[in-house]
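Undergrad: Sending over a structure as structure tokens; questions will come in a sec.
The values are calculated or read from the model by the stated rules, or taken from the named source; none is laboratory data. Keep in mind the model is a prediction, meaning the values are calculated, not measured. Virtual Cβ from ideal backbone geometry, glycine too; neighbours counted across all protein chains shown.
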Amino acid sequence: MSAKIRGLGIGILIIGVWGAMVPFVGPAFGYRMGNTPAWTWTESGVTVHLIPGIAAVLGGALMLGTVRSRVRLGTLLALAGGAWFILGPSIRPAWAGGGGMMMMGQSVWSQIAASVGYHYGTGVAVAILAAYALGALAATDRARPYDAPATGGSRERVSTAPSTNDRVSV
């Protein structure tokens, strides 16, 4: 794959690790959401942070490969992880017994920092990078026309360069 798609995959991988680990590591540095101490496994930590983070990390890792179908699967998996980061906190009460929204912080600014760093900003960054990579893949698909395989053979690239018969003399 192109260096652009690999770079996007690395970015998604890094952001996915952040999103998966921030509820467990963040409180050790004073960056917390609510009053959960560091390295405490909670239902919300797993379902709203760890699982979408793993989806983003796996998606980013698949994007580093060379097989086009796996790269495409990686972009879709990362896009799903980003959407989960964004939507998870809002729909969590549906599966958590309707306990209300997640506690984000004490002051307005700590609530903003926690919601952007823990969920929304992480999800938007992953989703934007994955969508851009998916678009780049689609653009390279259009730029590389292929002949349809005749009898189950491999697909051959069609030359788009002009041949000597295509030249117009004046």
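Undergrad: Of all residues in region 18-49, which are more than 18 Å from SER115 (Cβ to Cβ) and within 19 Å of the chain's Cα centre (by Cα)?
TA: Listed by number, the list holds a single entry, VAL46.
Undergrad: Next question. Considering only region 77-114, how many residues are out of contact with any helix residue (DSSP H, G or I) (no Cβ under 7 Å at 6 or more places or on another chain) and modelled with pLDDT of 75 or more?
TA: Total meeting the criteria: 13.
Undergrad: A further question on this structure: So, in region 50-61, how many residues would count as being among the small types (Gly, Ala, Ser) and within 20 Å of ALA113 (Cβ to Cβ)?
TA: 1
Undergrad: Would you tally the residues in region 29-52 being in a helix (DSSP H, G or I) and at pLDDT below 90?
TA: Result for region 29-52: 4.
Undergrad: Within region 115-126, take every residue that is touching a Gly at 6+ places or on another chain (Cβ under 9 Å) and surrounded by fewer than 23 Cβ atoms within 10 Å (Cβ to Cβ) and give me the one that is modelled with the lowest pLDDT.
TA: Here the answer is SER115.
Undergrad: Here's a follow-up. Which residue pairs have Cβ atoms under 8 Å apart, sit 6 or more places apart or on different chains, and have a first residue in region 33-52 that is aromatic (Phe, Trp, Tyr) and a second that is surrounded by 12 or more Cβ atoms within 10 Å (Cβ to Cβ) and part of a helix (DSSP H, G or I)?
TA: Pairs that qualify, where the first residue is aromatic (Phe, Trp, Tyr) and the partner is surrounded by 12 or more Cβ atoms within 10 Å (Cβ to Cβ) and part of a helix (DSSP H, G or I), are TRP39/PHE24; TRP39/VAL25; TRP41/PHE24.
Undergrad: Still on this structure: Name the one entry in ILE91, ILE128 that is more than 25 Å from SER2 (Cβ to Cβ), of a type in the set (A, V, I, L, M) and in a helix (DSSP H, G or I).
TA: ILE91
Undergrad: Please pick out the residue among ALA55, ALA61 that is buried (at least 22 other Cβ atoms within 10 Å of the Cβ), under 12 Å from the mean Cα position of the chain (by Cα), of a type in the set (A, V, I, L, M, F, W, C) and modelled with pLDDT of 95 or more.
TA: Working: ALA61 fails: buried (at least 22 other Cβ atoms within 10 Å of the Cβ).
ALA55 is the lone residue from the list that is buried (at least 22 other Cβ atoms within 10 Å of the Cβ), under 12 Å from the mean Cα position of the chain (by Cα), of a type in the set (A, V, I, L, M, F, W, C) and modelled with pLDDT of 95 or more.
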